[in-house]
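Working notes, structure below.
Nothing in this text is a laboratory measurement; each read-out follows from the coordinates by a stated rule. Quick caveat: nothing in here was measured; it's all calculated off a predicted structure. Because the Cβ atoms are built from the backbone with ideal geometry, glycine has one as well, and the counts that use them run over all protein chains shown.
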Amino acid sequence: MKYSESHILVIFGASGDLTKRKLIPALYELHTQNLLPEKFAVLGVSRTELSDLEFREKMKEFLPNLPQNQKDIDEFLIHLYYQPLSTADATEFPVLKTRLESLCLSWSIPENYIFYLSTPPNLYQIIPQSLAEVGLNDSSAGFKRLIIEKPFGYDLKSAKELNKNLLNYFKEDQLYRIDHYLGKETVQNMLVTRFSNGIFEPVWNRNFVHHVEITSAETLGVEDRGGYYDHSGAMRDMVQNHLMQLVGLVAMEPPVVIEADAIRNETLKVFQSLRPISESEVEKHVIRGQYTQSHIGNELIKGYREEHGVDPSSRTETFLAMKFYIDNFRWAGVPFYIRTGKKLPARVTEVVIHFKNTPHHLFGTTSDSDQSNSQLVLRIQPDEGILLKIGMKIPGAGFRVQTVNMDFHYNELSDVYLPSAYGRLLLDCMQGDATLYSRGDAVEKAWEFVQPILDAWQNNPNIPIYSYPAGTWGPEVVDQLMEDSVWRFPCKNLAHDGEYCEL
Ligand code: BG6
């Protein structure tokens with residue numbers, strides 16, 4: 001089993017949202033599972049003036065504060081420290097170095113450091129450079145790893161610049177580009193489903209698959225992130241990273257071994273095989289939408305343009321659906337459809353393999369005709385699990401066929417600990433395992449694919465941005481993307497899929 005060496009985790013942007021909502025709770029979770037090294041410290045760094053004690057108090061609010069957890073929480077909090085620092089100012093980094101050396105001494109930790117950039121992306125240039133200037137990139141006396149949060153660039157050009165800049169100061173094997181979707185158990189399970197079962201792999205190709213449908217739907221809107229989101233939109237926020245990673249895993253060839261480079265090489269090959277969508281084809285292949293005000297029940301839901309921080313005449317997409325092809329032996333001619341959006345009716349992420357129909361219809365159509373193909377639903381969240389939809393005989397006279405569900409739900413493994421995505425990824429980095437982190441070349445390839453679409457939207461204001469009322473499945477025109485099938489309407493419950501939706 002892999003283990004984590006003693007180290008200090010430095011979080012830049014420690015007063016930000018991600019630190020308190022995701023990172024500190026994930027570290028606490030690792031602590032309660034005894035997965036942190038005994039000699040371990042977290043140093044929060046940001047501009048706000050705080051003492052170690054004040055930082056601990058602030059972080060405590062985001063831990064599961066139940067009476068039975070008090071001992072664990074107290075034991076965990078003593079690992080947290082804080083250093084006020086103007087991270088944009090390289091001249092302050094010697095202070096950081098001295099603080100780290102003193103923490104190493106008091107905890108008897110060798111100079112093993114993980115630096116987590118949970119800051120606005122404009123600091124991704126300066127922080128690695130400033131670390132390097134004081135020698136904090138030098139692995140000779142202990143490992144130095146750098147975790148970077150998305151966005152990895154704003155477009156292809158800036159993504160390339162970012163990679164180039166990072167590589168000026170750190171080596172690729174010191175870089176951990178985090179995509180929290182890869183930390184989800186169910187996303188990793190796609191590899192296991194595909195490559196550990198003799199029954200799926202033989203049919204996972206153009207001979208048997210009719211099309212692949214990937215949905216990542218959210219009920220939430222942009223909440224308090226309007227300012228960020230309005231400059232990002234669904235393509236940059238969800239597609240270029242999370243959804244492309246799902247495409248990579250569902251479409252890749254079997255890696256030779258389960259190791260970082262073997263898996264990342266296969267993902268890269270998928271991205272290299274994506275058929276480019278040229279600017280002139282964008283309107284035919286990509287539909288973008290934006291939610292407008294609506295009533296859900298008795299509640300009046302704001303439209304996107306009324307959200308705080310959003311330009312009242314914004315043309316940023318909060319919904320996107322697209323169709324594309326992967327031009328390789330396995331997938332030639334198989335359409336891939338992806339769809340993501342905010343303020344949709346359900347929070348659901350799933351990958352659905354729609355298998356081809358039998359070559360000859362012996363039994364006529366199924367009772368629910370548009371679902372007639374067999375489908376394998378890989379449910380990422382919620383109600384995590386797997387469901388196979390197949391035709392069964394309706395008891396009684398004749399041969400009438402009905403689609404039935406065979407399902408497995410993760411919650412049936414109640415005694416198994418399911419780590420959070422951030423917990424899993426942080427642990428991997430502590431153990432030096434980059435398998436579930438994105439590599440620079442794949443990030444650039446994914447940008448290469450989406451860039452012409454962003455350019456088309458930028459250069460051609462006549463490409464429509466369709467409105468959809470908040471709480472619906474996006475603009476109706478998305479139906480036109482599907483060739484000879486229909487989009488699914490997934491519910492949050494995977495159990496009884498197609499029968500009823502749990503509210
Ligand atoms: C983030 C996006 O990366 O992923 C958010 O910035 C989005 O806009 C979130 O809401 C979705 O993640 P999850 O894990 O809730 O599906």
List the cysteines in the chain whose Cβ has no other cysteine Cβ under 4.7 Å from it.
-> CYS104, CYS429
Step through the table entries LYS20/LYS171; LYS302/LYS492; LYS60/LYS302, compare each Cα-Cα distance with 27 Å, and write down the pairs that go over it.
-> LYS20/LYS171; LYS60/LYS302
Positive-end extreme of charge dipole, the chain - chosen from LEU85, ILE126, THR316 (charges on Cβ) | THR316
Cα-projected label distance for TYR325 with PHE363, points at 7 Å along beta-carbon direction, nm | 3.3
Work out Dmax and Rg for the chain from the C-alpha atoms and quote the Rg first, both in angstrom.
-> 24.1, 84
Grab the Cα-Cα distance for ARG21 and ASN207, subtract it from 0.36 nm times how many residues apart they are, and report the gain in nm with one decimal.
-> 62.5 nm
Rounded to the nearest Å, the spacing of the alpha-carbon centers of region 176-227 and region 231-248 is 12
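Just list whichever of LYS144/LYS269; LYS22/LYS184; LYS58/LYS150 have alpha carbons separated by over 19 Å in the model shown.
LYS144/LYS269; LYS58/LYS150
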Just tell me which aspartates and glutamates come within less than 14 Å, Cα to Cα, of LYS393; anything on the same chain fewer than 8 places away is out.
-> ASP368
Pseudo-spin-label distance LEU413 to LYS356, built 7 Å along Cα→Cβ, given in nm, is 3.3
The rounded separation in angstrom of the Cα centers of region 127-160 and region 326-357 is 34
Calculate, axis by axis, the spread of Cα positions in region 236-365 along the three principal axes, and write the results as whole Å, longest axis first.
-> 51, 47, 34
In nanometres, what is the gap between the two model label sites at GLN33 and GLN272, each 7 Å from Cα along Cα-to-Cβ?
-> 3.4
Subtract the Cα-Cα distance of GLU57 and ILE394 from 0.36 nm times their separation in residues, and report this length gain in nm to one decimal.
-> 115.2 nm
Could you sort 490-502, 65-77, 226-238 so that the peptide with the highest average Cβ count within 10 Å comes first and the rest follow in order?
-> 226-238, 490-502, 65-77
What value does region 330-449 have for Rg/Rh, both radii from Cα atoms and Rh as Kirkwood defines it?
-> 1.07
